[in-house]
Amino acid sequence: MALLILRNFVPIFGMNLCSIFILVFLLSPYSVSQDITGNIEGRIVDSTGTSLVGVNVSLQSKSLQGSRGTTTNEKGYFRILSLPVGDFTISVSAVGFSLLNLENVQVLLGKTTNLGEIKLMHQTITLPEITVSGKKPVIDPVSTTYGGNINSASFEQLPVDRNYRNIATLLPQANTSFYGDEANIGGATGFENKYFVDGVEVTDPLIGANSTNLPYNFIQEIEVKTGGYDVENRASLGGLINVVTYSGSNEFHGSIFGFYTSNKLAENQKYGSLDVNQGDFTNYDFGFGLGGPIILDKLWFYAAYNPNFNNRDVDVPGFGNYVDKTLINSFAGKLSWKALDNLNLNFTITGDPTQRDAVGRGINVPPDSLANPDPYLQNIVEGGINYSLSGTYWIGKNISLQALVARVDRRDTGEGATDVGRSEVFYVDYLNNFWSGGVGSTWDSYRHSTVGRVSANFLLGDHLLNGGVEYKTNGVNNIYDYRTIERYDSVYYGEAIGKGWGEVSNRIPSVFVQDSWRIFPSLNVTAGLRWDGHTIIGSNGEVAQTIEVPLQPRIGIVFLPDAEGTNRIFGSYGRFSQEFALFQSVNYHSESGYDYWILFDHDPREDNTGGDTLYNFRHIIRPEVEDLQAQYYDEFSVGYERLIGLGIKAGIQGVYRTLGQGIDDVWLSDESRYQYGNPGRGFLSEWPKPQRDYTALILSIQRTGDEYFNFLASYVLSKDYGNYEGLFDASYHGAFPNANSMFDDLSTSRTNTTGLVPNDRTHVFKFSGSYRFSFDLSTGISFIAQSGTPLSELAYTDFGVKYLSPRGSAGRTPAIWDLNARLMYELDLLSTLQPRLILDLFHIAGQRKPVDIDQRKYFGVDENGEPINPNPTYGQAYRYQPSFSLRLGIEVGF
């Protein structure tokens, strides 16, 4: 709409559409970015190896509106940037030489496809054009980013979860977590990942625990960046998971799909003490995706919708089964407009509005009995909508401008499902493991992110210069109200009361610049620098805290030993800083609300007088922490990749990642309050400095592009060591970032706290692959075998946790393996339809071993710091591996 309005003023102001395009993006106040395209490069020579200048190189693809092209420079090189992902046909032509066509050339998300040295044959007589076809793995001659790419042709053959986020765990260094967070990448926790859909960051800005739910049927390609990425990318302490959804084309295309599973297709689950006992369940979803032209080669569309229904019986102790119902409405839409020959615009919208009639949500240890069922019953609404407008404008063949604006809105609300649940206090009797009353809490949390970005690429001889600016702001209006009474023993009761409201936000401007220099035909050096600011705005609208983000240099070197680009040696160094989630900002920079904890020697439900207030936290905007430094790590990596035969790539890589700074909260006993800061520095200099060192050796072998058999196998030998688990506290099963229990109590924070952290896995072997038979049957499998995770001996203190022996020295959870399979049969019904029947088998011959174990050996310490109150469930399983199950599905492509 803005473009249409401004277009009417072109005659008045004498502005061209390029100026309008730039102006619109510069004035827009909106969201972040990530790769949504890839690149192609190569070198053209004659039969003697002499470089050819001015050779025409043109590209065509179903995913490309119109065609793109360039000519070779004086060294015979060409580069074509910002191409949509997909398969391309490349035509190479020059006067006096035979026409050469290269078919099925892959362009991957965030990668540069190197065609190597291409030889043209002199045309002394009339010869037919030469066509070369066949896919091969990409050896990137420029980027040192490591991780991996999986396109839809690959993951649709494999037994994967419906949500795209879990597909990342097929790749090396991305491991499933059993502690309650998302995938652990590169030794980090799930709260340290960033998620991007069509260039827009969709990570929850309050906690960072989740993102938009989309089924894999909407996704064209997934890119996982575990490290080594350049300065264009806003960093995380873990990994970046980046996806692009499907686009339209000049032909109508799409799919209809449906999946179903239930308890009748599964073995009985083995439950641990953190699991709510569940009975019958059904989980089914269906949907469609449709794309095509509105105007051929000019305006394309894509639209998709997928409702997901999850119903399961949950046992409410003493009251039988209640049905927990969840409905996720996932959708995606995209308009691709070739506004000018040199201007492309894309508008996208994605979302996942979710409604849940929850039973037993958020329960850590279920009670033995209840006086009434209301504490178990909640109404939950969550999810959100993401909008973006992106564009690329080319000035000649060597300059391109990119811009993106976006808005991410998310709302989470929750309350009791009954009148009693909404009005009564929540009562917990730990002595008898008995509950009564209501849910005890309500919340209404509106989160939003708005960011804008403009960048430019300049091809100047052997240099590819890149630079840009970003401006990002996150905000949250977090309204909550809770009241809980707890009975600890035969004497003492505690009452927790809290209420809060008010909006806090942050502002994060960024500037980055980078030069990728082809020093020699075989050597490319990329060096860049990124600067991020970080300011927190309190609920009064004024600056409440400034965080000092260090400059982030990133350097990468790629050496190609041969002219064909069949192998490479690469290395990188980088500094990567993750923004401070808004959770602690809500606690410390809002002036509206309070939190109390009162200790009684009698039941406060009968008489709420006479208690001792042990914790009194009035919500005020706390004084600014001086010289607060951002959380970041430094990383070094070196590796080697080589093409082996047709379509096979093998690699070896070493990685070292060390935490440079962390932010966490501590208990200030002299002030009887919590405060965040940099442990080991400034006013927290008495506390130990956060430490986490991750080292890994990665071996991988991959085959792609074959008509029948493709696979990815990897082995990772790693060590994750320190006193800092990450933004997610796995030992404590903490639900909030920057709140590790280890740092809370100064008296215990230096004793036995350094060792192997919970997500250390010494050995991890993975294999995923698919085989297509000649009789329309395809099969895919995924297999993983991995070491267990370290265990510790813990004793709880009043405001933290004490390690009774060195961290991670109390054994490990059992080593486990997991096998999944997909059988897919294609039916020949109509020439325009491609239906396929799907049978997924998960956790075949499942071991159902413990994967999360109770490490609380004692529930307290005495005045001398000696442990007291032994935990009768110490060493027992919190959770087990999932049981065997089947899922039925059908997908119809057209």
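Note on the range 831-878: enclosed strands (runs of 3 or more DSSP E) holding 3 or more residues that are under 30 Å from H253 (Cβ atoms) are 834-842. Being within 11 Å of the chain's Cα centre (by Cα) and either assigned to a loop (DSSP other than H, G, I, E, B) or aromatic (F, W, Y) (or both) is the filter; apply it to the range 238-255 and report the residue that is nearest to N217 (Cα to Cα). Checking each candidate, the answer is G239.
Candidates in the range 685-713 are the residues that are surrounded by fewer than 21 Cβ atoms within 10 Å (Cβ to Cβ) and among the small types (G, A, S); of these, the one that is farthest from L668 (Cα to Cα) is G705.
Checking each residue in the range 728-768 for being farther than 16 Å from P690 by Cβ and outside any loop (DSSP other than H, G, I, E, B) picks out S747, H763, V764, F765, K766, F767, S768.
Among what's in the range 449-465 and is in a strand (DSSP E or B) and out of contact with any Leu (no Cβ under 9 Å at 6 or more places or on another chain), pick the residue that is most open to solvent (accessible area, probe 1.4 Å). Per the stated criteria, the residue is L460. Screening A303 on (1) surrounded by 17 or more Cβ atoms within 10 Å (Cβ to Cβ); (2) in contact with a Ser or Thr (Cβ under 8 Å, 6 or more places away or on another chain); (3) among the aliphatic types (A, V, I, L, M); (4) closer than 29 Å to V197 by Cα shows it passes everything except condition (2).
Every residue in the range 287-298 that is in contact with a strand residue (DSSP E or B) (Cβ under 8 Å, 6 or more places away or on another chain) and either open to solvent by 40 Å² or more (accessible area, probe 1.4 Å) or not in a strand (DSSP E or B) (or both), please.
Let us first name the residues in the range 287-298 that are in contact with a strand residue (DSSP E or B) (Cβ under 8 Å, 6 or more places away or on another chain), namely 287-294, 297-298.
If the condition is that a residue be in contact with a strand residue (DSSP E or B) (Cβ under 8 Å, 6 or more places away or on another chain) and either open to solvent by 40 Å² or more (accessible area, probe 1.4 Å) or not in a strand (DSSP E or B) (or both), then F288, L290, I294, D297, K298 are the ones that fit.
Summed over the range 594-643, the residues that are more than 19 Å from L668 (Cβ to Cβ), touching a residue at least 12 places away in the same chain (Cβ under 8 Å), out of contact with any Asp or Glu (no Cβ under 6 Å at 6 or more places or on another chain) and not in a strand (DSSP E or B) give a count of 7. Just give me the residues in the range 585-635 being more than 15 Å from R673 (Cα to Cα) and of a type in the set (D, E), in sequence order. Correct list: E591, D601, D603, E606, D607, D612, E624, E626, D627, D634, E635.
Being over 30 Å from E542 (Cα atoms), in a strand (DSSP E or B) and open to solvent by 30 Å² or more (accessible area, probe 1.4 Å) is the filter here; which residues of the range 478-492 pass it? Within the range 478-492, R483, E486, R487 meet the criteria.
Is it the case that S436 is crowded, with 17+ Cβ neighbours inside 10 Å, of a type in the set (G, A, S), farther than 23 Å from Y594 by Cβ and in contact with a helix residue (DSSP H, G or I) (Cβ under 9 Å, 6 or more places away or on another chain)? Here the answer is yes, as S436 does meet what is asked. Out of the residues in the range 63-101 that are in contact (Cβ under 8 Å) with a residue 40 or more places away in the chain and in a loop (DSSP other than H, G, I, E, B), state the one that is surrounded by the most Cβ atoms within 10 Å (Cβ to Cβ). Ranking the candidates gives V85 first. Looking at the range 357-378, is at least one residue more than 30 Å from G734 (Cα to Cα), surrounded by fewer than 18 Cβ atoms within 10 Å (Cβ to Cβ) and over 21 Å from the mean Cα position of the chain (by Cα)? Among the residues of the range 357-378, not one is more than 30 Å from G734 (Cα to Cα), surrounded by fewer than 18 Cβ atoms within 10 Å (Cβ to Cβ) and over 21 Å from the mean Cα position of the chain (by Cα), which makes the answer no. If you go through the range 182-197 one residue at a time, do you hit one that is in a strand (DSSP E or B) and of a type in the set (S, T, Y)? The answer is yes; a qualifying residue exists. Somewhere in the range 607-629, is a residue farther than 30 Å from R483 by Cα and either of a type in the set (S, T, Y) or open to solvent by less than 30 Å² (accessible area, probe 1.4 Å) (or both)? Scanning the range 607-629 turns up at least one residue that is farther than 30 Å from R483 by Cα and either of a type in the set (S, T, Y) or open to solvent by less than 30 Å² (accessible area, probe 1.4 Å) (or both). Figure legend. Inter-residue proximity from the range 315-333: first residues under 30 Å from P293 (Cα atoms), second residues part of a strand (DSSP E or B) and open to solvent by 50 Å² or more (accessible area, probe 1.4 Å), beta-carbon distance below 7 Å, spacing 6+ or different chains. Indicated pairs: F331/Y305.
Is it true that T203 is touching a strand residue (DSSP E or B) at 6+ places or on another chain (Cβ under 7 Å), β-branched (V, I, T) and not in a loop (DSSP other than H, G, I, E, B)? No: the conditions fail for T203.
When I569 is tested against (1) open to solvent by less than 30 Å² (accessible area, probe 1.4 Å); (2) not in a loop (DSSP other than H, G, I, E, B), exactly one condition is not met: (1). Within the range 511-522, if we keep just the residues that are open to solvent by less than 40 Å² (accessible area, probe 1.4 Å) and assigned to a strand (DSSP E or B), the residue that is farthest from G461 (Cα to Cα) turns out to be F512. Tallying residues that are within 30 Å of G289 (Cα to Cα), open to solvent by 30 Å² or more (accessible area, probe 1.4 Å) and of a type in the set (S, T, Y) within the range 844-894 yields 0. Any residue in the range 666-675 that is assigned to a helix (DSSP H, G or I) and on the phi > 0 side of the Ramachandran plot? Looking through the range 666-675, none of the residues is assigned to a helix (DSSP H, G or I) and on the phi > 0 side of the Ramachandran plot.
The values are calculated or read from the model by the stated rules, or taken from the named source; none is laboratory data. In this text the structure is predicted, and so the values were computed from the model without any measurement. Neighbour counts run over all protein chains shown; Cβ positions are idealised from the backbone, glycine included. Heavy atoms of the whole protein, side chains included, go into the accessibility calculation; ligands, DNA and RNA do not. Shrake-Rupley method; radii C 1.70, N 1.55, O 1.52, S 1.80 Å.
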